[in-house]
Amino acid sequence: MAVGLLSRRDHSELELRQKLAQRQCPPEDIETAIHYCTEHNWLNDQRFAEALLRQGIAKGHGWQRICLDARKKGVDMSFLDLAQENAQYDWYEIARETALRKYGDLDGQIPAVEFKEQARRIRYLQYRGFNYDQINYALSSECFDD
């Protein structure tokens, strides 16, 4: 059953344990399945963390949101930190691209708006997991002067 679950997509060890427990598997069978899958490298939390990072970035999420999603899935943060260090993403540019996708005009600019709308945009990018410096960069007009 565990191999079938892993054949569809990668899972973290915690996710796989939970899914097997939901299917009424005895605890000793779960441990055996986890060990077997880890031994054959079908279950690999480092690989799962790398995929989670790539997927989060593709969705336009920032580092904080990706970390939150990883914690929910039971990923050890050291795996996620290592994946981020190896990839070396520019979070400022990711924030800018996310803002452009949501608020940009046809010229590739983010038009100036009133205070209330600016606050709404800031909240949106915070929810997406970007910090204040990244949000300022993404919404500032200076970063669009090429």
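The values are calculated or read from the model by the stated rules, or taken from the named source; none is laboratory data. These figures come from a predicted structure and were not determined experimentally. All Cβ positions, glycine included, derive from the backbone under ideal geometry; neighbour counts span all protein chains shown. Heads up: the accessible areas ignore ligands, DNA and RNA and are worked out on the full protein's heavy atoms, side chains in. Shrake-Rupley method; radii C 1.70, N 1.55, O 1.52, S 1.80 Å.
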Which is the longest run of the chain containing none of the trypsin sites (Lys or Arg not before Pro) found in DSSP loop states (not H, G, I, E, B) with at most 15 other C-beta atoms within 10 Å?
-> 60-146
Counting pairs of alpha carbon atoms under 8 Å apart in space and at least six apart in sequence, what relative contact order in percent does the chain give?
-> 23
Once the in-chain neighbours fewer than 8 apart are removed, the lysines whose Cα is under 16 Å from LYS73 read LYS19
Solvent-accessible area, 1.4 Å probe, carbon plus sulfur percent, for the chain | 50
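How much length, in nm to one decimal, is gained on full extension between ALA119 and ASP105, taken as 0.36 nm per residue of separation minus their Cα-Cα distance?
Working: separation 14, 0.36 × 14 = 5.04 nm, distance 1.86 nm.
This chain segment gains 3.2 nm when fully extended.
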With springs only between Cα atoms under 10 Å apart, run a GNM on the chain and tell me which of ALA58, ALA95, ALA83 wobbles the most.
-> ALA58
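Hey, if we sort MET77, MET1 by accessible area with the 1.4 Å probe, largest down, what's the order? Could you put the intermediate results ahead of the total?
Working: MET77 45, MET1 125 Å².
The most accessible residue leads, giving MET1, MET77.
Enter the accessible area per residue of region 63-146 (Å², integer; probe 1.4 Å; all protein chains in place).
Values: 5370 Å² over 84 residues.
On a per-residue basis, 64 Å².
Return a whole-number percent for the relative contact order of region 50-122, with Cα pairs under 8 Å and 6 or more residues apart as the contact set.
On the way: 39 pairs, mean separation 20.7, N = 73.
Dividing the mean separation by the residue count of region 50-122 yields 28 percent.
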Of ILE30, ILE94, ILE66, the one that fluctuates the most in a GNM where the chain has Cα springs shorter than 10 Å | ILE30
How much mean residue ellipticity at 222 nm does the chain get from its helices, if each DSSP H run of length 4 or more adds -39500 (n - 2.57) and you divide by all residues, to the nearest 500 deg cm²/dmol?
-> -20500 deg cm²/dmol
